[in-house]
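The next block holds one structure in the form of C-alpha cells; read it before the comments.
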Amino acid sequence: MFKKLSLFLFLLSVLTLAGQDNAADSLLHYLIIQSKANHRYSIVFRENKKIEIFDSAGKSFKGKLLFINDSIIKLVNPHNLKQDTFLISEITKIRHTGLYNKIVGYPSLFSGSVFFILGSFLVSTSSKYDTIAIAYGIVSFVMSAPQLIGSAILLHGKSYKISKYDFKILLVNNKKLKRKDLKDLNLNKTL
C-alpha cells in the first residue's frame, strides 16, 4: 500500500512539474513615476494596481491598471466592468491610495463614526437640564471631528501631477521591480 501511494505521489509531482511553463520569457510591465526635482524619488505601479487617472481633457477614471503597449494603458473598473484607455502623454495626474492609508484610514473612519453617533445620541436624548449627558455628547462630537477629517484625507490618497513627475512604462524580464531598484534610473535620459 505504501509503495503504491509513494509511486502515485511521485508520478503526480513529475506531471505537475512538467506541466508548469517556464516564465523566463515573460515580460512584466510597470508604470514608473519619478520626481523631476531630484530624480531619486520613484513610485512603481505594477499591473492590476488600483489607481485613478486624470487626463488633459479633464476626464477621470478609476480602476485596475493594464498595459496595452509602451505608450498606452487601460483601466478596468472591476465593479461595473467599464474600461477606458489612456495615452501616457495625455495623463495629467495619477491618484493612488496605498495600503498604509487604508489600514489607518478605515479604523479611524469607524471610530470617528462611532463617536459622532454616540454624541448625537447623547445630545438628542438628554433633557434640557441634563448637563453631564450634553457635555459628554459635545466631547464625543469634538473627538469625532479629527478622526473623520483624518480618515477622509488618508482615504483620498496621494496625487502625482505630471508637472512634478515623469511617467514611463518599463518592461522587465521576470523580475519584481521595487522602488529601491530604481535608485539610479533617470527617466529624463531615457525619454
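List of remarks:
- Pair list, Cβ under 6 Å, 6 or more apart: region 108-131 residue under 22 Å from Gln147 (Cα atoms), other residue surrounded by 14 or more Cβ atoms within 10 Å (Cβ to Cβ) and aromatic (Phe, Trp, Tyr): Gly119/Phe141; Leu122/Tyr136
- Hits in region 129-160 - residues which are among the hydroxyl-bearing types (Ser, Thr, Tyr) and part of a helix (DSSP H, G or I): Thr131, Tyr136, Ser140, Ser144, Ser151
- Phe167 falls short on exactly one of the conditions (1) in contact (Cβ under 8 Å) with a residue 24 or more places away in the chain; (2) over 30 Å from Glu90 (Cβ atoms); (3) outside any helix (DSSP H, G or I); (4) aromatic (Phe, Trp, Tyr), and that condition is (2).
- When the test is whether a residue is assigned to a strand (DSSP E or B) and among the β-branched types (Val, Ile, Thr), Ile103 does not pass it.
- Some residue of region 109-128 being farther than 30 Å from Gly98 by Cβ, part of a helix (DSSP H, G or I), open to solvent by 90 Å² or more (accessible area, probe 1.4 Å) and not aromatic (Phe, Trp, Tyr): no
- Sole residue being in contact with a His (Cβ under 8 Å, 6 or more places away or on another chain) and surrounded by fewer than 16 Cβ atoms within 10 Å (Cβ to Cβ), chosen from Lys64, Lys74, Lys50, Lys82: Lys50
- Within region 129-140, considering residues that are of a type outside the set (A, V, I, L, M, F, W, C) and open to solvent by 40 Å² or more (accessible area, probe 1.4 Å), the one modelled with the lowest pLDDT: Tyr129
- Residue in region 162-171 that is farther than 30 Å from Ser71 by Cα and buried (at least 17 other Cβ atoms within 10 Å of the Cβ) present: no
The values are calculated or read from the model by the stated rules, or taken from the named source; none is laboratory data. What you see is a predicted model; the values in this text were computed from it and never measured. Positions of Cβ are backbone-derived with ideal geometry, glycine not excepted, and every protein chain shown enters the neighbour counts. Note: accessible area is taken over every heavy atom of the protein model, side chains too, but ligands, DNA and RNA are not part of it. Shrake-Rupley method; radii C 1.70, N 1.55, O 1.52, S 1.80 Å.
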